[in-house]
Structure formats: C-alpha cells, structure tokens
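*Asks:* Got a structure for you, written out below as structure tokens; questions coming shortly.
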Amino acid sequence: AAYANWSQTPVSVRAHYLHAIADAMEQQFDKLVGLSVLNNGKPIEEAKIDVGDAIACYRYYANLITDQETWSEVPTNEAGIRLLKTFAPVGVCALIVPWNFPMVTTSWKLAPALAAGCTVVLKPSEVTLLPELMLGNILSSIDLPKGVVNILPGAAEVGAAMTSHPLIDKVSFTGSNVVGEKVMTQAAKSIKDISLELGGKSAIVVRADADIDYACDLIIGGVFTNAGQICSATSRLLVHEDIAPTLFEALKVKTATLQVGDGFDTGTQMGPMVSEQQLKQVKKYCDIATAEHLTCLTGGEISARQGYFAVPTVYIDVPVTSQLWLEEVFGPVLVSKTFKDDAEAIRLANDSKYALAATIVSTDETMSLQIGAGHVWINEQQIVLPESGWGGFKQSGIGRELGGGGLSAYQKSKHVLLSD
Ligand code: NAD
C-alpha cells in the first residue's frame with residue numbers, strides 16, 4: 001500500500017531519509033556496535049567497522065540518487081522523434097539477509113532500494129535479530145512513512161512466504177547456495193526480478209616476491225576475521241614453493257598466538273562462532289580433515305572451553321579433491337597448497353565452482369586480470385567500498401550490490417518516445 005506514494009516521492013525527500021538513517025545510526029553508534037557483538041560474537045573493533053560501513057552505505061546512495069539524471073536524451077538517427085530515458089523503481093522488494101554482517105548486508109540492499117523508490121519487506125536472520133530490530137526503531141524515529149520498510153522476523157518459512165508472494169516484485173537474497181537455489185525456484189513461479197549473493201571459496205595467492213610478514217597478516221585477516229564467517233573469506237591459500245617453508249613457519253606462529261575470546265574484550269582478535277550449529281560445522285570439517293589424513297599446521301579442533309569457540313586452523317599440502325578444498329566451511333579453517341609458477345597459481349585459484357573474491361600478494365598487478373572473481377584485492381584484504389561493485393561469478397551469485405550496479409538492481413530503465 002505504501003508503494004504508490006513512496007515510488008512517487010521526490011528524490012530529494014528519499015535522499016533526506018537516507019541521510020536521516022545515517023545520522024541516527026551515528027547517534028546510536030555505541031549501542032548498535034554493542035548489539036552486534038552481543039548477537040554475533042564478533043570482536044568489538046570489527047563491529048565498529050561494520051556499523052561505520054553501514055552508515056557510509058546509506059550516505060553513498062543518498063548522494064548517488066541525488067546525482068542521477070531523472071531524464072536523459074538518448075541520441076537517435078531517426079528524424080522527427082525524440083527518445084528519452086528515465087528510471088522506475090522495480091517495485092515491492094523482499095530483502096533476505098544472513099547473520100554474519102548484521103546491518104551491513106541490510107544496508108547494501110535497503111539503501112539502494114529506498115533510493116530507487118522501492119518499498120521493502122526485510123527479513124533479518126533469525127540468528128542475529130537484535131541489530132535489525134534496533135534499525136526498526138531508528139526508522140520509526142525518523143518518521144519514515146509507514147509501510148515503506150516492513151521488518152519481518154522469522155526463519156525459513158517466512159523467507160519462503162516472501163519469495164513466493166505474488167505481490168513481491170523483486171527478491172534480493174544473501175545467504176547459502178542451498179537456500180539460494182530454493183529462493184530462485186520460488187521466485188521463478190511469478191517471474192520475479194532476483195539478485196543472489198551466495199557462497200565463496202576464495203583464493204589468496206602469495207607470489208615469490210611477497211614480504212612474508214605482511215603476507216601472513218593478509219592471510220590471517222582474510223580467513224580469521226569474523227571467525228571465518230565471511231562469504232569472501234580467502235580460505236584457499238596458494239604459496240610459491242620457493243617461499244613456502246618460511247611462510248608456513250611464520251604463519252603457524254602468528255595463527256597459534258591469535259587471541260580468541262569474548263568480543264567485548266578489546267584484546268580479542270577472534271570471537272566465538274555465531275551459534276552452536278556453526279561450531280558443529282567447523283568440527284565436522286576438522287573431522288573430515290582427520291579422515292582425509294590432511295596435514296595440520298596448527299589448530300584442527302574446536303576449543304574445549306565453554307562457549308562456541310573454534311580454534312584458528314591451517315592445513316597444508318591439501319589435495320584439490322579434498323572436501324575442505326572444494327567446500328565452503330564458513331569458519332576459521334584455511335587450506336593451502338604450493339605452486340611452481342603463475343600459470344599453476346591462476347589455474348588453482350580459478351578451479352572452484354565459486355568465484356566471489358581473491359587476494360594477490362605481490363608487486364606485480366597483472367595477475368588480477370586472469371583471476372575470475374568479482375572482487376580482487378592486491379596487497380589488501382576484505383576492504384569493500386560503497387563505490388565498488390560486489391558480487392561473484394559462477395555459483396557465487398547473480399547481480400551486483402554496491403556502486404552504480406547496486407542501484408540499478410532496484411531500478412528498471414524506461415524509455416519514452418515523442419513525436420517532435
Ligand atoms: P542461509 O542461507 O541459511 O540463510 C540466509 C537467510 O535466508 C536467512 O535469513 C534465512 O532465514 C533465510 N532462509 C532460509 N531458508 C529460506 C527459504 N527457503 N526461503 C527464503 N529464505 C530462507 O545462510 P546463513 O547461514 O544465514 O549465511 C551463511 C551463507 O551466506 C554462506 O554460504 C555465505 O557464503 C553466504 N553469504 C554470502 C554473501 C555474499 O555477499 N555473497 C555475504 C554473506 C553471506
């Protein structure tokens with residue numbers, strides 16, 4: 001019901017509301033950070049980055065929609081006519097998000113959807129409900145018109161109802177491939193527009209010219225941040241054989257001394273897993289590694305202490321047929337291999353059904369062209385800017401979030417032809 005008005009609301013008003021969300025989030029920054037740590041378990045410094053990223057995303061789309069031309073003239077050779085182009089909102093959207101980056105994944109969908117003039121039904125993850133419920137309070141506090149954003153808590157059956165509902169025009173889903181397939185099938189029945197951000201098994205390639213110490217920091221950040229519960233975790237390590245023994249030695253020491261603990265403790269570098277189920281998932285893969293006789297450099301078990309604590313784990317010389325090489329663990333488990341030359345590194349990096357992201361540690365930037373992934377970091381890890389595009393190739397998903405592509409995902413181009 002709210003769509004009729006909101007879709008016709010002037011861009012300046014929509015941008016005003018997006019800035020108001022960002023302002024309110026800034027005012028409630030500490031509380032949002034606290035809820036994220038409490039609900040997800042992540043270290044407080046990571047939660048601060050998350051809330052900052054979400055705020056930046058609302059501001060980015062406020063500015064992007066303000067700068068978008070409402071009407072543009074399309075050049076044509078046809079005499080006596082004018083062709084004009086504009087954008088219309090895609091309609092009422094179902095936004096479904098996972099638990100690993102509460103508020104961030106939501107902002108990547110909600111900000112461009114509102115900017116474009118869409119109304120939404122948002123389903124937060126049932127595992128991390130608190131931050132999005134507080135976002136609901138924020139939306140009420142800024143007097144966003146009723147019905148523009150509807151936050152609907154629930155689990156699979158609620159998501160399924162949303163994705164098959166005849167009045168939903170678009171589904172934007174972030175989550176696992178198993179559920180992504182279901183979402184696609186449900187949405188197909190009424191030909192809904194669809195965006196899918198799914199899983200990954202991303203590679204980090206360390207070439208022979210890399211600084212070992214810096215490379216270790218990137219490897220650790222790439223796979224142990226958020227306890228490895230990142231879609232773009234660089235969980236497959238490829239190391240040039242000339243530097244492998246030195247690098248593995250340094251990596252073993254740095255990994256084994258990571259501070260695992262309570263997210264509110266400022267010394268904590270890795271928090272607990274988000275849930276008992278996710279801890280069991282890590283244990284399952286450690287057991288598979290034992291059954292496959294993988295060589296464990298460090299870790300290889302879950303913690304005996306109370307709480308959902310896993311142990312940062314690295315396996316070396318992992319065969320490409322191993323389940324750990326092929327499947328997304330979504331936990332702090334790194335598998336690695338050595339390579340002889342760039343051709344082998346590129347082949348191994350691309351040898352996955354996923355293709356979300358990759359990191360290259362080297363002074364040579366050319367390899368990025370040959371890595372088939374939606375986002376490649378060179379001598380950096382896991383930084384995602386609002387101006388960037390986010391999304392994978394292959395089975396990592398369909399469509400792009402963030403950047404201009406993230407706005408297009410909620411708009412349809414519309415042409416008007418006039419007789420002169
Ligand atoms: P999940 O697929 O179990 O759940 C995601 C969301 O879908 C939840 O809100 C859940 O309630 C809902 N859902 C469950 N069944 C549904 C159904 N039948 N229909 C509609 N919705 C349903 O994923 P998760 O465990 O919450 O998150 C982890 C997964 O998310 C990982 O595979 C990870 O790679 C992926 N992920 C991808 C990205 C990306 O940008 N590509 C980002 C974050 C997470």
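*Asks:* Could you pull out every one of the strands (runs of 3 or more DSSP E) wholly within segment 342-420 that has 3 or more residues that are over 23 Å from THR225 (Cα atoms) and not acidic (Asp, Glu)? Show your work before the answer.
*Replies:* Numbers: elements: 357-361, 375-378, 411-419.
It comes to 411-419.
*Asks:* Can you tell me which residue in segment 76-134 is nearest to GLU197 (Cα to Cα), limited to those that are away from the ligand (no atom under 12 Å from the Cβ) and basic (Lys, Arg)?
*Replies:* Once the filter is applied, the top-ranked residue is LYS85.
*Asks:* Filter segment 265-283 down to the residues that are over 14 Å from GLY228 (Cβ atoms) and either over 23 Å from the mean Cα position of the chain (by Cα) or surrounded by 21 or more Cβ atoms within 10 Å (Cβ to Cβ) (or both) and list them by number.
*Replies:* ASP265, THR266, GLY267, THR268
*Asks:* Does ALA187 satisfy the condition of being in contact with a strand residue (DSSP E or B) (Cβ under 6 Å, 6 or more places away or on another chain), hydrophobic (A, V, I, L, M, F, W, C) and in a helix (DSSP H, G or I)? Walk me through it before giving the result.
*Replies:* On the way: in contact with a strand residue (DSSP E or B) (Cβ under 6 Å, 6 or more places away or on another chain): yes; hydrophobic (A, V, I, L, M, F, W, C): yes; in a helix (DSSP H, G or I): yes.
So ALA187 passes the test.
*Asks:* Still on this model: Condition first: under 25 Å from the mean Cα position of the chain (by Cα) and either free of Cβ contacts under 8 Å to residues at least 24 places away in the same chain or closer than 15 Å to TRP99 by Cα (or both). Now tell me which residues in segment 234-260 satisfy that.
*Replies:* GLN259
*Asks:* How many of the residues making up segment 367-377 are surrounded by fewer than 16 Cβ atoms within 10 Å (Cβ to Cβ) and over 16 Å from PHE393 (Cβ atoms)?
*Replies:* Adding up the residues that qualify gives 0.
*Asks:* Further, regarding this structure: Just the residues that are among the hydrophobic types (A, V, I, L, M, F, W, C), touching a helix residue (DSSP H, G or I) at 6+ places or on another chain (Cβ under 9 Å) and more than 16 Å from the ligand (Cβ to nearest atom), please, taken from segment 199-223.
*Replies:* Result: ILE204, VAL205, VAL206, ALA210, ILE212, ALA215, CYS216, ILE219, ILE220.
*Asks:* In segment 247-280, how many residues are among the basic types (Lys, Arg) and either in contact with a helix residue (DSSP H, G or I) (Cβ under 7 Å, 6 or more places away or on another chain) or away from the ligand (no atom under 16 Å from the Cβ) (or both)? Steps first, answer last, please.
*Replies:* First pass over segment 247-280, keeping only residues among the basic types (Lys, Arg): 252, 254, 280.
Imposing the further condition that a residue be either in contact with a helix residue (DSSP H, G or I) (Cβ under 7 Å, 6 or more places away or on another chain) or away from the ligand (no atom under 16 Å from the Cβ) (or both) reduces the set to 252, 254.
The qualifying residues number 2.
None of the figures in this text is laboratory data; all of them are computed from the coordinates on show. These numbers come from a predicted model, not from an experiment. Heads up, the Cβs are rebuilt from the backbone with ideal geometry, glycines too, and the neighbour counts pull from every protein chain shown.
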